[in-house]
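Single-structure report; data block below.
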Amino acid sequence: MILIRIGFIGQALTIEYNMNERIEHNKKKYEDEIKSLESIISADVRRSIPPNQFTSDMLVALKSGRKITPKMEHYISKIVTDSKPLNPKDKSNRLKWLESVMPKIIMVINLVDETNWSGNYKQNKLNFLESIKEQANHKLSLSKKQMEYITKIYIQCKKNIEKNKNKLSVH
């Protein structure tokens, strides 16, 4: 049993917290989720892919007896759903999507290289785009926000390159 003392302006509140009860609660309530997350992480390890940090964190939260919030439940459910194998038709559609998106991501990476941005700024953009490229290859999908940000980087690159061309042509 863990005793937690919390001070409130001149008062002390003692909370008795039995971690073992919470662990057992999570083990029963989230049995399927725990098995699924363990399976996902094991599959990544077998394929020599480092496990996703967020997936690992959610598994640790479940197994350590941490209180699981509705938001955490939502994301745990999303991890489990997203990791299920695609049916052949969906996989075919996603592979077609990947074939159309990957050249665009590579084009934006090349455009970032053409900018005169500072080293750190440029490197941050390149790191982001490389992680997006990896995710697209691995999950065969990207979120709408990720796609929008790639477009934003593309527009920034074009403006920077055009601005530099104008500077060079003036001198």
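Apply 1/(1 + (r/R0)^6) to the Cβ-Cβ distance of I23 and Q146, taking R0 = 30 Å, and write down the FRET efficiency to the nearest 0.05.
Details: r = 36 Å, r/R0 = 1.19.
So the FRET efficiency works out to roughly 0.25.
If the limit is 23 Å between Cα atoms, which of K29/K145; K104/K125; K91/K158; K28/K71; K104/K139 go over it?
With Cα atoms farther than 23 Å apart: K29/K145; K91/K158.
Roughly how many Å is it from the Cα centre of segment 24-57 to that of segment 75-148, as a whole number?
Centre-to-centre (Cα) distance: 23 Å.
Could you compute Rg(Cα) / (2.2 N^0.38 Å) for segment 40-119, with N its residue count?
Here the answer is 1.55, to two decimals.
Residue by residue, what Karplus-based ³J(HN,Hα) values in Hz, rounded to whole numbers, does segment 45-56 have, using 6.51, -1.76 and 1.60 with θ = phi - 60° and x for Gly and Pro?
Those phi angles translate into 4, 4, 8, 6, 9, x, x, 5, 4, 5, 4, 4 Hz.
Over the chain, with every protein chain in place, what whole percent of the accessible area is carbon and sulfur at 1.4 Å, could you tell me?
Whole-percent figure for carbon plus sulfur exposure: 55.
Rounded to the nearest 0.05, what FRET efficiency is calculated for M72 and N137 with R0 set to 22 Å and r the Cβ-Cβ distance?
So the FRET efficiency works out to roughly 0.20.
Kindly provide the trypsin sites (Lys or Arg not before Pro) of segment 66-109 that DSSP labels as loop, not H, G, I, E or B, and whose Cβ sees at most 16 other Cβ atoms within 10 Å. Walk me through the numbers before you get to the answer.
Details: sites: R66, K67, K71, K78, K89, K91, R94, K96, K104; in loops: R66, K67.
Loop-located and lightly packed - R66, K67.
Can you tell me the orientation of helix 144-170 relative to the chain, as the angle in degrees between its alpha-carbon axis and the longest Cα principal axis, to the nearest 10?
30 degrees
Considering Cα pairs under 8 angstrom that are at least six residues apart, work out the relative contact order of the chain and quote it in whole percent.
Reported relative contact order: 16 percent.
Assuming R0 = 45 Å, what is the FRET efficiency of K159 and D82, from their Cβ-Cβ distance, to the nearest 0.05? Before the final figure, lay out the partial values.
Values: r = 35 Å, r/R0 = 0.77.
So, using R0 = 45 Å, E works out to roughly 0.80.
Can you give the Kirkwood hydrodynamic radius of the chain from its Cα pairs, in Å with one decimal?
In the chain this quantity evaluates to 20.1 Å.
Mind checking the per residue accessible area of segment 39-171 for me, 1.4 Å probe, whole number of Å²?
On the way: 9220 Å² over 133 residues.
Normalised by residue count, the accessible surface of segment 39-171 is 69 Å².
The values are calculated or read from the model by the stated rules, or taken from the named source; none is laboratory data. The structure displayed is predicted, hence computed values, not measured ones. When we count neighbours, we look across all protein chains shown, and the Cβ atoms used for this are built from the backbone with ideal geometry, even at glycine. These accessible areas exclude ligands, DNA and RNA; they are computed on the full protein's heavy atoms, side chains included. Shrake-Rupley method; radii C 1.70, N 1.55, O 1.52, S 1.80 Å.
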